[in-house]
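The values are calculated or read from the model by the stated rules, or taken from the named source; none is laboratory data. What you see is a predicted model, and the numbers here were worked out from it, not measured in a lab. Using ideal geometry, Cβ is built from the backbone for each residue, glycine included, and neighbour counts are taken over all protein chains shown. The protein model used for the area step is the full one, side chains on, heavy atoms only, and it has no ligands, DNA or RNA in it. Shrake-Rupley method; radii C 1.70, N 1.55, O 1.52, S 1.80 Å.
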Amino acid sequence: MLYTLTFTEPDGGKPQSHPIADGELLIGRDATCDVVLRSKDVSRRHARFFVKGGELLVEDLGSHNGVWVRGARIEKPAPVEPGAAVEIGDVKVSVKAATEAVGAGAALKAVNSDKQIKLPAKATVGRGADCDVVLDDDSVSRIDPRTRKVVATIKVGNRAAGIAVGEGAVWVTVQANEKAGLP
């Protein structure tokens, strides 16, 4: 099962969304965490989310301000259902689950890793928190409200790739110019 966790800090900053299908996400203020939060109410290594047997769980890693699920402080790893109220210190976490239908072998694969996240049969990819797969980087666009297409520009080194996803089609354009201007 693919889950999307969205972290909203009390300072009103931009929410961070992160997918998880297997493995774990370490949450805290420390730069080595998978999800780095700014709030002073969050410990350096505060909590971890992980998937076990298809079920999403959260564990408090001995933090000072705790992890709260449905208003109760947890003392051991606890299951988290989509829509459950979760708080890490004073940071609110929303949980969404993707549909069970999976595309024909479609998956996201991490660079320099064997980790893969299977994609739903229909998925939106973009920077917006309402996307199924969130690429939280300013080089990635949100959903284009006029066409309902996801349009993204991703730069890697001196290469830029433009990606547009529409009804039943995906277009990828790659330019090897450092100053490539893609839509």
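Here are a few things to note about the model shown:
- The one condition in (1) of a type in the set (D, E, K, R); (2) open to solvent by 60 Å² or more (accessible area, probe 1.4 Å); (3) free of Cβ contacts under 8 Å to residues at least 60 places away in the same chain that Arg48 fails to fulfil: (2)
- Total residues in segment 52-94, condition out of contact with any strand residue (DSSP E or B) (no Cβ under 6 Å at 6 or more places or on another chain), modelled with pLDDT under 95 and assigned to a strand (DSSP E or B): 1
- The residue that is nearest to the chain's Cα centre (by Cα), counting only those in segment 1-41 that are open to solvent by 40 Å² or more (accessible area, probe 1.4 Å) and among the acidic types (Asp, Glu), is Asp34.
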